[in-house]
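The values are calculated or read from the model by the stated rules, or taken from the named source; none is laboratory data. What you are looking at is a predicted structure, and each value in this text was computed from that prediction instead of being measured. For neighbour counting, all protein chains shown are included, and Cβ atoms are generated from backbone atoms with ideal geometry for every residue, glycine included. Areas reflect the complete protein model, heavy atoms only, side chains present, ligands, DNA and RNA absent. Shrake-Rupley method; radii C 1.70, N 1.55, O 1.52, S 1.80 Å.
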Amino acid sequence: MSKQNGELRTCDRCGNTQFFKCTGEKERDGGYTRWNTFEDAVGWDYNREVGDMCPNCSAEYKDKFEKFLSEFKNDK
């Protein structure tokens, strides 16, 4: 049996999940405050209204938002 420390992210839109391995630990104030560091979550974004988004949903969201802004600006 083996064990891997890490962070499992789940897209709040489509449910896609991805595991990011723990890369180490950092500390401050003489070791009283400690936290883990993880692999970079390239492409993953957080949006206040949607939550965590995987790279596919994030790209789709950005495209739709840019299209909305373009149409909104041209409606004047």
> For THR10 and LYS62 in the same chain, what is the full-extension length gain: residue separation times 0.36 nm, less their Cα-Cα distance, in nm?
Replying inline: 16.9 nm
> Rounded to a whole number, what % of the accessible area of the chain do carbon and sulfur atoms account for, probe 1.4 Å?
Replying inline: 46 percent
>> Over the Cα atoms of the chain, what radius of gyration and what Dmax do you get, in Å?
In response: 17.9, 63
>> Applying a 10 Å radius around every beta-carbon, put 40-50, 57-67, 25-35 in order of their mean neighbour count, most first.
In response: 57-67, 40-50, 25-35
>> As a test of the formula, what do you get for the chain when each DSSP H run with n ≥ 4 contributes -39,500 (n - 2.57) and the sum is divided by the residue count, at 222 nm and rounded to the nearest 500 deg cm²/dmol?
In response: -9000 deg cm²/dmol
> With +1 on each Lys and Arg Cβ and -1 on each Asp and Glu Cβ, how big is the dipole of the chain about its Cα centre, in debye rounded to the nearest 20?
Replying inline: 40 debye
>> Using only the alpha-carbon atoms, how far is helix 55-74 inclined from the longest principal axis of the chain? Give it as 0 to 90 degrees, nearest 10.
In response: 30 degrees
> When ligands, DNA and RNA are left out and all protein chains stay put, how many square angstrom of accessible area per residue does the chain have with a 1.4 Å probe?
Replying inline: 85 Å²
> What FRET efficiency comes out for the pair GLU27/SER2, r = Cβ-Cβ distance, R0 = 22 Å, nearest 0.05?
Replying inline: 0.25
